[in-house]
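Peer 1: Here's a structure for you.
The values are calculated or read from the model by the stated rules, or taken from the named source; none is laboratory data. Small disclaimer: the values here were computed from a predicted structure and weren't measured. As a convention, Cβ positions derive from the backbone with ideal geometry for all residues, glycine included, and neighbour counts pool all protein chains shown.
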Amino acid sequence: MPIQLNEENGGKILVVHVSGKLAKADYEHFVPEFERLVRQHGKLRLLLDMTDFHGWEAGALWEDVKLDIKHFADIERLAMVGEKKWQQGMATFCKPFTTATIRYFDRANAAEARQWLGN
């Protein structure tokens, strides 16, 4: 499955692993679970692990934008962990779509990303 979720720290940190190329159908499973966690815990801290992530199909990109707009204020911190230059650029691109504090971390610094989310 291209999107996998793991709760950490009592559900206040949500680790989202994305891999391959995301399709619109992937969001049909992810969005309800994400929304359940927001209802249960309030604002979340997300670790977005983009290791082996290759982007979105057109319909999936639209689903991602809709999710970002709907949950503009539901993310407190977003740590983006990746391995490619374009993934680092996504951290800057995402800033207007959320009130979250966003930081990019290289895959080698994934432990630092978790530490930053926990502070």
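Peer 1: Looking at region 4-24, can you tell me whether even one residue there is modelled with pLDDT under 90, at positive phi and among the small types (Gly, Ala, Ser)?
Peer 2: Scanning region 4-24 turns up at least one residue that is modelled with pLDDT under 90, at positive phi and among the small types (Gly, Ala, Ser).
Peer 1: Right, something else. Taking CYS94 and the conditions (1) surrounded by 13 or more Cβ atoms within 10 Å (Cβ to Cβ); (2) out of contact with any Ser or Thr (no Cβ under 8 Å at 6 or more places or on another chain); (3) at pLDDT 90 or above, which numbered condition does it fall short on, given that it satisfies the others?
Peer 2: (3)
Peer 1: Among the residues of region 6-53, how many are among the aliphatic types (A, V, I, L, M) and under 17 Å from GLU76 (Cβ atoms)?
Peer 2: Residues meeting the conditions: 10.
Peer 1: Any chance region 65-76 includes a residue that's of a type in the set (Lys, Arg), over 14 Å from LEU22 (Cβ atoms) and surrounded by 15 or more Cβ atoms within 10 Å (Cβ to Cβ)?
Peer 2: No, there is no match, as no residue in region 65-76 is of a type in the set (Lys, Arg), over 14 Å from LEU22 (Cβ atoms) and surrounded by 15 or more Cβ atoms within 10 Å (Cβ to Cβ).
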